[in-house]
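Every number in this text was worked out from the coordinates using simple rules, so none of it is lab data. Just so it is clear, the model here is predicted, and its values are computed rather than measured. Here the Cβ positions follow ideal geometry from the backbone for every residue, glycine too, while neighbour counts run over all protein chains shown.
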Amino acid sequence: MGKPILDIYVHQNDAARFGGAGGREVRHSVGLRSHGTHGDWHWNVEGIAQFVAPMKNVEWVEVQPFHQMGAFKWKAMGIEYKLADTPTASRELVDRVIGQFRAAGCRVR
């Protein structure tokens with residue numbers, strides 16, 4: 001996989017309801033997803049966690065380990081699956097990364 005991937009999502013609700021009235025709600029809050037493989041979480045998780053933790057608009061961090069669940073789709077389409085030999089992250093590694101984000105004060109899911 002090579003390099004860390006961080007997805008940032010901004011939450012917006014165009015169908016907000018309150019007291020019988022409707023409108024657009026923009027909270028300017030974000031979620032962060034951290035992706036990684038067995039050998040890919042070598043980058044500074046602690047540094048990212050400490051950078052993100054004080055940000056009041058980051059509601060959550062989601063740790064997403066790499067998996068091979070969709071590999072069959074590539075085969076069915078006749079397309080070479082270039083990540084076939086990429087190892088998945090161990091439970092211990094995922095738990096360590098989650099722990100690092102939590103220790104920094106991040107809400108993790």
Cβ-Cβ under 6 Å pairs, at least 6 apart or on other chains, the stretch 57-70 side of a type in the set (Val, Ile, Thr), far side assigned to a loop (DSSP other than H, G, I, E, B) | Val61/Cys106
Those residues of the stretch 71-109 which are in contact with a strand residue (DSSP E or B) (Cβ under 7 Å, 6 or more places away or on another chain) and in contact (Cβ under 8 Å) with a residue 40 or more places away in the chain amount to Thr88, Ala89, Val97, Phe101, Cys106, Arg107, Val108, Arg109
Search the stretch 63-107 for residues being polar (S, T, N, Q) and outside any helix (DSSP H, G or I), and hand back the single one that is surrounded by the fewest Cβ atoms within 10 Å (Cβ to Cβ).
-> Ser90
